[in-house]
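Colleague: Quick one: the structure is below, and I'll ask about it shortly.
The values are calculated or read from the model by the stated rules, or taken from the named source; none is laboratory data. Remember, it's a predicted structure, so these values are computed and weren't measured experimentally. All Cβ positions, glycine included, derive from the backbone under ideal geometry; neighbour counts span all protein chains shown. The accessibility values were calculated without ligands, DNA or RNA, using every heavy atom of the protein model including side chains. Shrake-Rupley method; radii C 1.70, N 1.55, O 1.52, S 1.80 Å.
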Amino acid sequence: MSDSTLSRLSAQALEFPSLLAVLAQLAATDLGRERVLALQPFADLPALLAHRERLQEAARLLVERPLVPEFELPLASLIERLATGRPPLEGIDLVRLAELVRTCRAAADLVRSADPPCPGLAAWTERLPDATALVRRIDKTLDRRGEVREDASPQLAALRREIRRVRERLYRDLGEFVTAHRDELSEETIPMRGGRLVLVLQAGARGRSGGLVHGRSATGKSYYFEPLQVVESNNNLQQAAEEEEAERRRILAELLAAARTALPELGEHARLLGELDLLQAAQRFGERAGGQLPEIGQRRQLKLVAARHPLLDPALADLRQAALGQRGHEGPIVPLNVQIGEIGETGPDRPGGSEARAAGKAAERRILVVTGPNAGGKTVALKTVGLLALAAQSGLPIPAAPGSRVPFLARLVATVGDDQDLLADRSTFSGRLLRLKEAWEGAGPDALILLDELGSGTDPQEGAALAVALLEELLRSGSLAVITTHLGELAAGALEMPGAGCAAMEFDPATGRPTFHLVPGPPGGSEALALARRLGLPARWVERAEARLGSEHRDLRRLLGEVEKLRQELAEARTRLAVEVADAEKLRRRLAAEETALAEERKAVARRGRAELDGFRRQTAERLREEVAQIERSFAEGRRRGLAAEALARLFESAPALADAAPEAAGPLQVGEPVRHSGLGWRGILRQLDGERAVVQVQGKRVRCRPEELVAETKVPAVAAPAAAAPAPWRSTRPARSVPSAPSAPGARRRAESAGSKVAGDLGDLEMAVSVAPELNLIGQRVEPALEELDGYLDRALLASRRQVRVVHGHGTGRLRQAIRQHLRVHAAVSEMRPGEPNEGGNGATVVTLRGATAS
């Protein structure tokens, strides 16, 4: 967006530079910070869409690791110093340039290996020139501290070996002198003086030994003394050191020349690093502010859902402190919901009825005139709309909920506050008129005009006339606009003009304080006198002001108060109705799902029962053959009596024993006695009976229900399952009865005749032991299906008495995560929620604490 479409005054009015300063704190390099501070809204829609695509690609890659690591020292000045040579670069500077190139290559490799691919970022990295030869040469020549390596050249290696050899000989010779003349020395150290190794001689010992004096010590009590026997060695050391320094400078000069030759390639690497750092900072900003990229709507479509002003958001307080020198607002903020433009239109061929048509008509209002109390948030609402529109057109995430939509703008004009300029001999009102002229000239179908306190600063009648005329021009041009005012004539005019509408900042008459909610509907009053009382102005002053207003004004204020009270009641009723409709729909979906699951389970249980019955029949037939063989053997051995009865007893001794019917109630409910739920069939021990509430202990959990739903029953001993039978995931709702260990032949015969019918009849009395997993994985799903699945999961978790669950949504672009968390904030079953700890999935998961569970 060029200066012709966003003036400097409009950007300052919306505090866009302050937002960029906050965002720059999240950059990892000075190159990224410079790129952030220079950010401007895109003037070309395809360029904006390409930038948004790259930002979404970067968000996927940042899940693995940062694209740009932290660089504590500046990089931008290195490129400039390399180009100008003032001041010349040192070895450590070349090491940092090599690190810059390596960082860019690592990012390019990450982009190249991305799955799914990142075509937007790949288009950048594929054009990156090759500078690996320079990096290899720097690594071969310099160490990590920027010092020239000893093996950088054969000459340097030889000189350094010579220096070590001469220095070792000097230390040896001087050590021998110290041993022989210890009484003449002030200390036994061997310092370096002017590039020569010397000793510290006492002042009184001067002249006792031959040698050279290289000056006094700081105290004047000692001399720096060089014995004659080491003078030649020191000369050799000094000459070798000078030659080594010359060779080092020659090597460094050649390396600098090579880097200067590669300056265009290094410049491209620096540019790419700055762009990647901008994307990384933008993604970090979105995560910190709970924001996301809004939809880019069609012309004249603007909708913000749960929007927060980033310079008021408490989540960004530490960034504001670092960038602006003050933390600013740290308390909770009221999100802004605003919709202007041609959104949600309906027609005779579209569903929705009269309510939807009314909403569509309201959504056609391209201009919103906002009234309301002083200090009620009108200006903040206007600046929130403008700043988030600028951020969206700059390709930044905005702190708003999913469903937010911002159009691509060709012009944005914002007037906020005082435009007085003493140096230009411009008064407050004349400066405001010049900004209104800018709004008049900038009006158009792709323009957003934001005017604060329109018509103020002069005679109310003349100001209202100018304001209404400008409002008519904005409507004629098709602009989107948000206008704040205290002028009743302007608000009344907006109510009468097609395409314009009113909204008011809500004021609570009970407390005398604003609520900071923007409410579409009739205009609101300024509440100046209420504000005066709240600020503690003298009561007599306020009372005299009220008396001067006259009865007509008081009647109007009373009427507006009644309208506001009625509007609040209607809004509360609509909210309650929406909740009830949503709950009914959830219940309908849940019942339909449970009915489907029950039908499927009935089929599964029937199949399982038939399979078990078939297995029992096969086993019985096999055992029958064995018993016939046993009878034949006994008969052959001479036994005749009782063979059939013994065979039947052995044959059916392991058959399942099932009762024929549920027992009747054993009597009145008594605490400590077993009970059964008459509708659901579960059993437990009654632990508490208090009026209309009963508490039953069921499998270690306490379940609450109404006493009339319970039936007392007698304690029934449990029957162990046959050892060979596999455990089934169901249990019988009928009480078991014991099987006699030695049944008579007639009893075994009756059991054989009715075994199949009893097994089949029992299948209808089975109850599933339902369990709910402790987490729900929604990664990769679209928002709406994911929210529906989340609702069903929370319902099941409540029925299963889970107190805490984990919802896994992943990182991705952040859209699914924000939609889920926004949904959980208003869910009736959710007590609290938080991002996961590092061992719980971090920001890719949300831990939810439920309330209202039926068991504990």
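Colleague: Arrange the peptides 604-617, 785-798 so that the one whose residues have, on average, the most other Cβ atoms within 10 Å appears first.
Modeller: Descending packing order for the listed peptides: 785-798, 604-617.
Colleague: Residue-wise, which Karplus ³J(HN,Hα) couplings in Hz belong to segment 806-813, taking 6.51 cos²θ - 1.76 cosθ + 1.60, θ = phi - 60°, and x for glycine or proline?
Modeller: Here the 3J(HN,Hα) series is 10, 10, 9, 10, x, 8, x, 7 Hz.
Colleague: For the residue pair Arg165 and Ala253, what label-to-label distance in nm results when each label sits 7 Å from Cα along the Cα-to-beta-carbon direction?
Modeller: 2.7 nm
Colleague: Distance between the C-alpha centers of segment 790-856 and segment 605-630? Whole Å please.
Modeller: Each part's Cα centre sits 49 Å from the other's.
Colleague: Which far-off residues, 5 or more places away or on another chain, put their amide H under 5 Å from the one on Gly297, with H placed in the peptide plane?
Modeller: Val406, Phe408
Colleague: Using each residue's phi in segment 211-218, evaluate 6.51 cos²θ - 1.76 cosθ + 1.60 at θ = phi - 60° and report the 3J(HN,Hα) Karplus result to the nearest Hz, with x for Gly and Pro.
Modeller: Result, rounded to whole Hz: x, 10, 9, 10, x, 8, 7, 5.
Colleague: On to the next question. Arrange the peptides 272-283, 34-45 so that the one whose residues have, on average, the most other Cβ atoms within 10 Å appears first.
Modeller: Those peptides, ordered most packed to least, come out 272-283, 34-45.
Colleague: Under 5 Å between amide H atoms, partner at least 5 residues away or on a different chain: which partners does Phe516 have, H built in plane at 1.01 Å?
Modeller: Here the answer is Glu506, since their amide H atoms fall under 5 Å of that of Phe516.
Colleague: In addition: Please list the non-local residues whose amide H lies under 5 Å from the amide H of Leu850, H modeled 1.01 Å from N, same-chain partners needing a gap of 5 or more.
Modeller: Gln804, Val805, Ser831
Colleague: Please report the carbon-and-sulfur percent of the accessible area for segment 1-94; probe 1.4 Å, protein heavy atoms only, DNA, RNA and ligands left out.
Modeller: Percent of accessible area from carbon and sulfur atoms in segment 1-94: 55.
Colleague: Can you check what the net charge comes to around Glu330, using other residues whose Cβ is under 14 Å from the Cβ of Glu330 (Lys, Arg +1; Asp, Glu -1)?
Modeller: With Lys, Arg at +1 and Asp, Glu at -1, the net is +1.
Colleague: Moving on to the next point. When you count, for each residue, the other Cβ atoms within 10 Å and take the mean per peptide, how do 260-271, 402-413 rank with the highest first?
Modeller: In decreasing order of mean packing, 260-271, 402-413 become 402-413, 260-271.
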